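Written below as structure tokens is the structure these notes are about.
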Amino acid sequence: MLKKINFNIIYNLLFIAILLYPLAIIYKISDFSVSYLFVLVIMLLAGVRFLYYINNLNSLYILSFYLIILFIINFINIKFFFFMFTFILFIVIGFNYKMYFINKKVIKKFINFSFVISIIGIILYFLKIPLFDFKIAGSEKYFMLSNGYYRAMSIFLNPNSFAYFIIFAFSLMLFYGKYIFFNKYYRKLYYIVFLFSLYIAYSRSAILSMVLILIVYGIYRFKISRKNKLLILFFMLIMLISFFMFLLSSRELFYNYDIRFLKIDIAIDYLTKNFYHFIFGYPHYINIKKNGISFSDNMFLYFFLRGGMILFILISFIYLKAILKSIIIIILKRIEIGYAVYLFSSIPLMFFSNFILFFPNVILFAISIGVILKGYK
């Protein structure tokens, strides 16, 4: 009973934190949105169980220990430490409260909440009222479309953050919707709103992720043997990784098509010019930039740059383990499938976006990893 009460408090505080996020435009505390105060309360509530449950996730124990060492030797700033601690703790929360996160009432509440957030995004889009943070965006041009509208971002201060949030909500709706919304017209309305919201956010990486969700859903529904589905999904995983690795290794060919490839070149240049920073990463007072262009848009390289090879290996191990378990869950059609498909669809986001640097996506992503790691052993 106490665990259920604790979960309800955590879940409701997460909603409050999301709703208060726009206040970051007006007021921040040491560069933090005031909504993070509620995230901090969630951490304190969940922290009572943290030390026990982290023993069931040895890789997180090692990751936590390494972050403390990194904090000492590399002078990592408080914001990055808070981000990483949030990531670790919400994996534990997903692991600990897995049975609640797959509860129909809990999922329905989140989908309804996401629907409202999407409607707000659509209304603000047509009213041409953007909520953005110049410190994050740098320029209004980043959000302005050729038709005079701003990219939809709802209350998230960034259109990509809004699009990634929709990806999570859509994945839950696609696999759990028919069990919690019995009226098919309601379901169709939700699908239309989510897809239109994604479209007007104009996030290419999120659209690619959506295509991946729909492909996996087709495989899930297709009447072939589990063995063949397993082979198809593993083949997709290998092809996706191979494709993105090809793009990274041939980045010079794509400089004129997307600035992301130039940013990747900057990151690799920094990693290869100093052995110490290759192992332990660069302190945050060193800005990773070249010719006025700062690095961004690749989460694996981000962890490599800020935590070195050790952090890169630890994060990659946890992520790959969750992806492989997600494939098994999809094949077996287990109850965690909505979270599993969401994680599988995050592969392009991890390679070509700042995916989990955006709030609340780091939390949703971490919870999904925790649910999957607990869901199938």
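Worth pointing out:
- All positions within segment 250-260 that are in a helix (DSSP H, G or I), of a type outside the set (A, V, I, L, M, F, W, C) and over 25 Å from the mean Cα position of the chain (by Cα): E252
- Meets criteria (among the hydroxyl-bearing types (S, T, Y), more than 19 Å from Y302 (Cβ to Cβ) and surrounded by 12 or more Cβ atoms within 10 Å (Cβ to Cβ)) for Y282: no
- Some residue of segment 73-89 being under 23 Å from F7 (Cα atoms), modelled with pLDDT of 75 or more and β-branched (V, I, T): yes
- Any hit, segment 320-336, residues being farther than 29 Å from K104 by Cα and surrounded by 19 or more Cβ atoms within 10 Å (Cβ to Cβ): no
- Those residues of segment 270-279 which are assigned to a loop (DSSP other than H, G, I, E, B) and either of a type in the set (A, V, I, L, M, F, W, C) or under 15 Å from S296 (Cα atoms) (or both), in sequence order: none
- The set of residues from segment 338-377 being buried (at least 24 other Cβ atoms within 10 Å of the Cβ), among the hydroxyl-bearing types (S, T, Y) and under 27 Å from K229 (Cβ atoms) comprises Y339, Y342, S345, S346, S368.
Each row is one residue, and each column tells you yes or no for (1) assigned to a helix (DSSP H, G or I); (2) among the polar types (S, T, N, Q); (3) modelled with pLDDT of 95 or more; (4) surrounded by 14 or more Cβ atoms within 10 Å (Cβ to Cβ).
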{"position": "S205", "(1), (2), (3), (4)": "yes, yes, no, yes"}
{"position": "V216", "(1), (2), (3), (4)": "yes, no, no, yes"}
{"position": "Y220", "(1), (2), (3), (4)": "yes, no, no, yes"}
{"position": "N228", "(1), (2), (3), (4)": "yes, yes, no, no"}
{"position": "F234", "(1), (2), (3), (4)": "yes, no, no, no"}
{"position": "F243", "(1), (2), (3), (4)": "yes, no, no, no"}
{"position": "L248", "(1), (2), (3), (4)": "yes, no, no, yes"}
{"position": "K263", "(1), (2), (3), (4)": "yes, no, no, yes"}
{"position": "I266", "(1), (2), (3), (4)": "yes, no, no, yes"}
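- Test for D269: is it under 24 Å from the mean Cα position of the chain (by Cα) and among the acidic types (D, E): no
- With respect to the stated conditions, L172 fails to be crowded, with 17+ Cβ neighbours inside 10 Å, assigned to a loop (DSSP other than H, G, I, E, B) and either at pLDDT 90 or above or touching an Asp or Glu at 6+ places or on another chain (Cβ under 6 Å) (or both).
- Verdict on F317 being in contact (Cβ under 8 Å) with a residue 12 or more places away in the chain, closer than 23 Å to L231 by Cβ, part of a helix (DSSP H, G or I) and among the aromatic types (F, W, Y): no
- Output for segment 250-261, where each listed residue is within 23 Å of S203 (Cβ to Cβ) and either buried (at least 19 other Cβ atoms within 10 Å of the Cβ) or touching a residue at least 12 places away in the same chain (Cβ under 8 Å) (or both): R251, I259, R260, F261
- Restricting Y199, Y186 to those that are surrounded by fewer than 16 Cβ atoms within 10 Å (Cβ to Cβ), within 23 Å of the chain's Cα centre (by Cα) and without any contact (Cβ under 8 Å) to a residue 24 or more places away in the chain reduces the list to Y199.
- For segment 3-20, the count of residues that are of a type in the set (S, T, N, Q), at pLDDT below 60 and in a helix (DSSP H, G or I) is zero.
- Unique residue being farther than 29 Å from I372 by Cα, in contact with a strand residue (DSSP E or B) (Cβ under 9 Å, 6 or more places away or on another chain) and not hydroxyl-bearing (S, T, Y) when the list is I279, I268, I259, I293: I259
- Checking the stated criteria, L305 turns out not to satisfy the condition of being in contact (Cβ under 8 Å) with a residue 40 or more places away in the chain and either within 21 Å of T86 (Cα to Cα) or part of a helix (DSSP H, G or I) (or both).
The values are calculated or read from the model by the stated rules, or taken from the named source; none is laboratory data. Since the structure is predicted, the reported quantities are computational estimates derived from the model, not experimental observations. Glycine also receives a Cβ, built like all others from the backbone with ideal geometry; neighbour counts cover every protein chain displayed.
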